[in-house]
1. Looking only at region 217-263, how many residues end up being more than 13 Å from Phe321 (Cβ to Cβ), of a type in the set (A, V, I, L, M), assigned to a helix (DSSP H, G or I) and at pLDDT 95 or above?
2. From the list Tyr42, Tyr29, which one is free of Cβ contacts under 8 Å to residues at least 40 places away in the same chain, within 22 Å of Leu292 (Cα to Cα) and either touching a strand residue (DSSP E or B) at 6+ places or on another chain (Cβ under 7 Å) or part of a helix (DSSP H, G or I) (or both)?
3. Out of (1) in a strand (DSSP E or B); (2) aliphatic (A, V, I, L, M); (3) under 14 Å from Val8 (Cβ atoms), the odd one out for Val66 is which?
4. Does Arg283 qualify as being part of a loop (DSSP other than H, G, I, E, B), surrounded by fewer than 20 Cβ atoms within 10 Å (Cβ to Cβ), touching a residue at least 12 places away in the same chain (Cβ under 8 Å) and not β-branched (Val, Ile, Thr)?
5. Tell me, which residue of region 201-238 that is of a type in the set (Lys, Arg) and within 27 Å of Lys117 (Cβ to Cβ) is nearest to the chain's Cα centre (by Cα)?
6. Within region 306-325, identify whether any single residue is polar (S, T, N, Q), surrounded by 16 or more Cβ atoms within 10 Å (Cβ to Cβ) and not assigned by TED's automatic domain parsing to the domain that holds Met81, and answer yes or no.
7. How many of the residues making up region 301-318 are at pLDDT below 95, of a type outside the set (S, T, N, Q) and either closer than 17 Å to Asn30 by Cα or part of a loop (DSSP other than H, G, I, E, B) (or both)?
8. Quickly run through region 294-319 and pick out the residues that are over 9 Å from the mean Cα position of the chain (by Cα) and of a type in the set (A, V, I, L, M, F, W, C).
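The values are calculated or read from the model by the stated rules, or taken from the named source; none is laboratory data. Given the structure is predicted, the values throughout are model-derived calculations rather than measurements. Please note: Cβ atoms are built from the backbone with ideal geometry, for glycine as well, and neighbour counts cover all protein chains shown.
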Amino acid sequence: MGTLGILVDPAVFRGVRKRRTGTERIHLYNRAAARHGISLVYLNLNRIRPPENRSWSYRWHKGRYVYGRHPIPSVIHNRAMAFSRMGRRRLAWLNKTRTVFNAKTRYSKYDIHRKLKDRYAAHLPATVRYSKGRLKAMMERYAGLYIKPVSGSVGKGILQIVKTESGAWRLKGKGRTVTGRAGKIRTIVHRAVAGRRYLIQQAIRLAKYRGRPYDIRVTVQKGGDGNWNVVGMFGKVARKGSAVTNVARGGTVRKADVLLRHSFAHPHLIASNIRQLSLSMARHLGSKLKHLADVGFDIGVDESGRVYLIEMNARDQRYGFRKAGMEQAYRKTYENPVLYGKYLLRRRKT
């Protein structure tokens, strides 16, 4: 039996003993580990002491969490964000001395776009780094745009601007809606961005469910054979009056087949296209990003049925499957990292 480390954020780590770990349902890791003959240790970057090769951590043993100074496992599944300089240094040390899969859990949206552009241009909205000049050029070319933080998550900080039939522009974001001429909207956007790293992305005319736009979250993970596979997908529907589908911003979850049947005459064909594109992109990115093993793609489908990548998430929020009533896929998202960890442990031994 090998030991797999699960690296979690401080809030999750603090909740382990009381079994209050928020949306990270780590008991599903425990269940999968027992089924597949793996021991688990839960780690946090704040408790790791690099020179000692040990960490104050929780070992799951005989149905309870045992806190102590345990050896740091040779293979680690990362679910943490390293924001502090100390955290980044310790994560870098782990990467040098161990196998850490999904070591990086946040990527620049623009960097991912560049890595995919040559091969998947037909499935990528036009995307450029933010500047005042580029915003003007993109507004002259497209009738709808998103202005997004380069490394943001859960829809925070996103602005949408849309050209109306009268020729004016409407801006939505940060709790307000403003309508005005192009110059006025550009001024407001530039103040909102305020020197931070943003990008400008062409807005896709997304298919709608009962008048509200939606996109499809596709989870793709490596499993016990070391290969990528599509675990499942669900839809995220924007709240009324919003163009942002993120559940954290008020979006709701529906099964993907329900949404596609509502919008298209051949939903199974579109679902197949979504799966094939997601699997292909995961393989491609996996060849360029070291130890990538667990991703979530937000896939947009336009009104004609054409599929686009909106963005990639390297720390997939799995709870959408549970909200959609897809319990088997939800549990699989926790089982696959355990299986892949076991695969890596076997490889290290041989």
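1. Of the residues in region 217-263, the ones more than 13 Å from Phe321 (Cβ to Cβ) are 220, 222-229, 237-246, 248-252, 257-263.
Still in the running and of a type in the set (A, V, I, L, M): 220, 237-238, 243-244, 248, 258-260.
In the following step, the residues that additionally are assigned to a helix (DSSP H, G or I) were identified as 248, 258-260.
Now narrow it down to the ones that are at pLDDT 95 or above: 258-260.
Residues meeting the conditions: 3.
2. Numbers: Tyr29 fails: free of Cβ contacts under 8 Å to residues at least 40 places away in the same chain.
Just a single option satisfies the conditions, and that option is Tyr42.
3. (3)
4. Working: part of a loop (DSSP other than H, G, I, E, B): no; surrounded by fewer than 20 Cβ atoms within 10 Å (Cβ to Cβ): yes; touching a residue at least 12 places away in the same chain (Cβ under 8 Å): yes; not β-branched (Val, Ile, Thr): yes.
Judged against the criteria, Arg283 is not a match.
5. Our first condition is that a residue be of a type in the set (Lys, Arg); within region 201-238, this holds for 205, 208, 210, 212, 217, 222, 236.
Now restrict to residues that are within 27 Å of Lys117 (Cβ to Cβ): 205, 217, 222, 236.
On the way: Arg205: 22, Arg217: 9, Lys222: 15, Lys236: 13 Å.
Within region 201-238, the match that is nearest to the chain's Cα centre (by Cα) is Arg217.
6. Residues of region 306-325 polar (S, T, N, Q): 313, 317.
Going one step further and asking which of them are surrounded by 16 or more Cβ atoms within 10 Å (Cβ to Cβ), we end up with 313, 317.
From what's left, not assigned by TED's automatic domain parsing to the domain that holds Met81: 313, 317.
Within region 306-325, one or more residues are polar (S, T, N, Q), surrounded by 16 or more Cβ atoms within 10 Å (Cβ to Cβ) and not assigned by TED's automatic domain parsing to the domain that holds Met81.
7. Qualifying residue count, region 301-318: 5.
8. Within region 294-319, Ile299, Val301, Val307, Leu309, Ile310 qualify.
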